[in-house]
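Below: one structure, written as structure tokens.
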Amino acid sequence: MHRLRTTVVRLRPIAAPQTAKSQTQARLAAVGGALRTFQPMRSYTASVSAEPFLNGTSSNYVEEMYYAWLENPRSVHKSWDIFFRNANAGAPPGAAYQSPPPLGLANAQAMVGVQPNVEKLVEDHLIRGHHVAQLDPLGIMAAIDPEFYGLDESDLDKVFRLPTTTFIGGSESTLPLREIIQRLEMAYCQSIGVEFMFINDLEQCQWIRQKFERPGIMQFTLEEKRTLLARMVRSTRFEEFLQRKWSSEKRFGLEGCESLIPALKTIIDKSSMNGVESIIMGMPHRGRLNVLANVIRKELDQIFCQFDSKLEAGSGDVKYHLGMWHRRINRVTDRNITLSLMANPSHLEAVDPVVQGKTKAEQFYCGDTEGNRVMSILLHGDAAFAGQGVVYETFHLSDLPSYTTHGTIHVVVNNQIGFTTDPRVARSSSYPTDVAKVVNAPIFHVNADDPEAVMYVCNVAAEWRATFHKDVVVDLVCYRRNGHNEMDEPMFTQPLMYKQIKKQKGVLQKYAEKLIVEGAVTRQEYEEEIAKYDKICEEAHARSKDEKILHIKHWLDSPWPGFFNMDGQPKSMTSPSTGLTEEELGHIGHIASSVPVEDFTIHGGLSRILKGRAAMVGQRVCDWALGEYMAFGSLLKEGTHIRLSGQDVERGTFSHRHHVLHDQNVDKRICIPMNHIAPNQAPYTVCNSSLSEYGVLGFELGFAMASPNALVLWEAQFGDFHNTAQCIIDQFICPGQAKWVRQNGIVLLLPHGMEGMGPEHSSARPERFLQMCNEDPDAYPKFSAEEFAVRQLYDCNWIIPFRKPLIVFTPKSLLRHPDAKSNFDDMLTGTHFQRLIPDSGPVCEKPDGVKRIVFCTGKVYYELTRERKNRGMDNTVAIARIEQLSPFPFDQVKVETDRYPNADLVWCQEEHKNQGYYDYVKPRLRTTVDRTRPVWYDQPPSRTPAHRGRYQ
């Protein structure tokens, strides 16, 4: 509770003196005895009294408090001081606590019995006021009863001194009880309910109290009210226009929560005023068209044309799933602001970490280390906010150094219902927003049928974010006038609720009538505002009939200026050499095998690893870890930013990477040698993530969207674990370019291999990725030899270059395999990535005599070569390694099959027949040889990837 947090010791426990350990333990035993028999009084005594916390207080907390008291009795409240003194002196059980005298007033005699109860009344309005506030537009509410606190009618006109922590008195320190109750109800029990007393920071709590307790604080100017009305008109009439024109179309309209539009615009206005220049937003489908039209300000004709069934528009649900990027002038602040609404699938909340990742990237690239220029807004539905685990994962990224976006404003459109599911069976918490408490985010519940309350709360939320750079939640308690969509019948499952909704007057009508009564607008002005916006919609509708195809530029939420030509093609259609000079390889190898910081003590085992790296550099060879160092180091030297994220990536799950060195003698002192490659290099970000796949992969995907000039990698602890991030892979990465018009260069590193570690740590399930490749297995690509590889890569849905997603099945045992090394000659200037590595052994001398060519990929190659040698088959069996599985290297595979015309074709893999690469590779091998030769494979299916494969 709040009083607890006013003590220093709660935040910074003080250790007991070691010399008095036994004596302290004895005293603590006495304190514990006093605690066990303490019978709590019903009243609170003063702002930081001991009494409210003694009953049920944990022994750890009391011990911390006691230690603090031993060092300085004045560091605790007087009531704690008395309690500890009495307990130390051997007071009998139940007698250690003594209530301090009430604060003195002129009429102290009359108030001595009820003053503490008044303070408890104030406190409970802070804690419980949101439960009885008038939040529900449909009209269900309760009340806080003063009689519960021992107060009756005779006390209402008595004057009481206000607690020093409250602001309801303004400049006054005493008020009659009647006025105290009235002001508390105005602050906490009207259209706004505030949850914040769980926050363990006194400054933050007092900041919130000032925003809601000061008398007369929620006042608006005439201009602000008229602007609010105009925004409500646009929000409401937009939905009504769509309903008139396309009554039989799904649009997931905003009816019942029309105040969302002015809510978002208020947040944007206030944030722009505070210096924010770019806002990245994510939201579900409900209200998306309205947000696009009236917040992002997408052209209405481009929205309306999507309702034309003849329009060439990809998938049929794009209009309420795609996003947009728009830079415009904010008319309230006259400042430029960039708004991005991210594309989002029907998988609710999946976009949350993607938005956070893109926000972090924009902050990184513009040097915004505090989040003052770039911020995020996330919209949620009530059922999804409570039910989707990725919400929790995303919240837990909010304060992590490499993932924080310095505060997100969350807006919950609280329909008080899921699709057809009542909240009573949809969640276990009181509110759908309770998950936000895990990061101490304040939660502002507000009745969405009170636009002025909504506007005020959103202003406070934006100020909170600008002040504290922490998350905040606005819970718009509303209703859904239609069913889940406009074609749905909600009366099937919520008959009583929807009977009430049918009687409900629209929020625009209610607010307009309020302003007309106040004299803020005339009825004529109100009707003219409606007519003006209706005309705008009609004119846009007329223009929309001329649209034949969607303009892609309108749907890009992550434009890459300078990367594409006017026709949308990449400026470069070549695949340049990735090689380095001998000098560069040697320099990067030296950095990889040294500690470029003075007086830095590393672990003895790590010293041996670095010496081993130095030895490899001297021999001009690289293993996987050193090869990765070469790749990363050269890109950083060229100015390409690299970000590597995932569980344990700093060291590497298999203790092979060691990109972050830790001083063995100084806590938190680290060295990242990769940031010492060159004076003007790009920064290298390598960061261990939270124990999350779904949230973190989504975050890195969003980060990779921001720029084409970066390498962003996510590594799974084991490749198997990507399945808990499958939604991001299936819904964002795989169809990104085709469905969402999204360019992205995210790289997934997935450790893979059957090495006796069980089904949980064996397979990265390559079959799943290969199944989703958009390449036709039965058609040999008709590209010229010169452009074959490049054209394939441009047309595919994932791999390289052109910033396509890349899936790499990385090794485990091969990290230390003596034969799994590459010579520097394979990395020098002029070399390229090898899509297929042909056999270079004795079989090349007499290819006509080769009886079998075995195609494989990965670590099985080394076992095949060993077995071939043991069987004396070096002259009769060729082994070719397919390094790039998709797009399939038809052209290079054809060279190999033509080279050995008399050889049987065999595919070999560790995985069983129903797993791995077989189902993908077989039809493509058959297509390569024009189906003139069969493809042999001998491995039975299995229900688990844990068993070791058999080779023939």
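Every number in this text was worked out from the coordinates using simple rules, so none of it is lab data. Predicted model only: the values in this text are computed from it and were never measured. Cβ placement follows ideal geometry from the backbone for every residue including glycine, while neighbour counts extend to all protein chains displayed.
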query: Of all DSSP beta bridges in the range 222-555, what percent run antiparallel (nearest 5)?
result: 20
- request: Give the cross-link partners of K535 among the aspartates and glutamates, using a straight C-alpha distance below 19 Å as the criterion and excluding same-chain residues fewer than 8 apart.
  value: E239, E240, E299, D301, E525, E527, D546
message: For the ranges 481-490, 433-442, what's the packing order if you count other beta-carbon atoms within 10 Å of each residue, average per peptide, and put the highest first?
response: 433-442, 481-490
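Using the alpha carbons of the range 834-936, what is the convex hull volume per residue in cubic angstrom, as a whole number? Display every interim value, and only then the final one.
On the way: hull volume 9.6 nm³, N = 103.
Dividing the Cα hull volume of the range 834-936 by its residues yields 93 Å³.
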task: Check cross-link reach from K846 to the aspartates and glutamates: straight Cα distance under 14 Å, and skip same-chain residues fewer than eight apart.
output: D874, E896, D898
query: How much length is gained on full extension from L828 to I127, taking 0.36 nm per residue of separation minus their Cα-Cα distance?
result: 245.6 nm
task: Hey, can you grab everything whose amide H is under 5 Å from the amide H of V686? Only 5+ residues off in sequence or another chain; H modelled, so Pro and N-termini drop out.
output: L644
- line: For the table K245/K545; K211/K514; K611/K859, the rows whose alpha-carbon distance is greater than 19 Å are K211/K514; K611/K859
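I'd like to know how the range 764-824 sits against the 2.2 N^0.38 Å rule of thumb: what's its Cα Rg over that expected value?
Its radius of gyration relative to the 2.2 N^0.38 Å reference: 1.46.
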- line: Footprinting proxy, I602, I670, I377: sorted fewest to most Cβ within 10 Å, the residues are I670, I602, I377
message: Would you work out the Kirkwood radius for the range 246-295? I mean one over the mean of 1/r across all pairs of different Cα atoms, in Å.
response: 12.2
Counting all C-alpha pairs of the range 641-810, share separated by more than 28 Å (%): 30
query: Which of the peptides 452-463, 330-341, 188-199 is most tightly packed, and how do the rest follow, judged by the mean count of other Cβ atoms within 10 Å per residue?
result: 452-463, 188-199, 330-341
field: log₁₀ of I(q)/I(0) at q = 0.14, 0.22, 0.28 Å⁻¹ - the range 160-199, Debye sum with one point per alpha carbon
entry: -0.34, -0.76, -1.00
field: lysines whose Cα lies under 28 Å from that of K782, excluding same-chain neighbours fewer than 8 positions away
entry: K571, K739, K804, K894, K922
statement: Fewest-first ordering of C305, C366, C257 by Cβ atoms within 10 Å yields C366, C305, C257
query: So how do 778-791, 240-253 stack up, highest first, on mean other-Cβ count within 10 Å?
result: 240-253, 778-791
- prompt: Using θ = phi - 60° and the Karplus curve 6.51 cos²θ - 1.76 cosθ + 1.60, what whole-Hz ³J(HN,Hα) does each residue of the range 889-896 get, with Gly and Pro shown as x?
  reply: x, 3, 5, 7, 5, 5, 4, 6
message: Using only the alpha-carbon atoms, what does the range 349-458 span along each of its principal axes? Please give whole angstrom values in decreasing order.
response: 45, 32, 23
- request: Would you please state the base-10 log of I(q)/I(0) at q = 0.10, 0.14 1/Å for the range 761-917, with intensities from the Debye formula using one equal scatterer on every alpha carbon?
  value: -0.40, -0.83
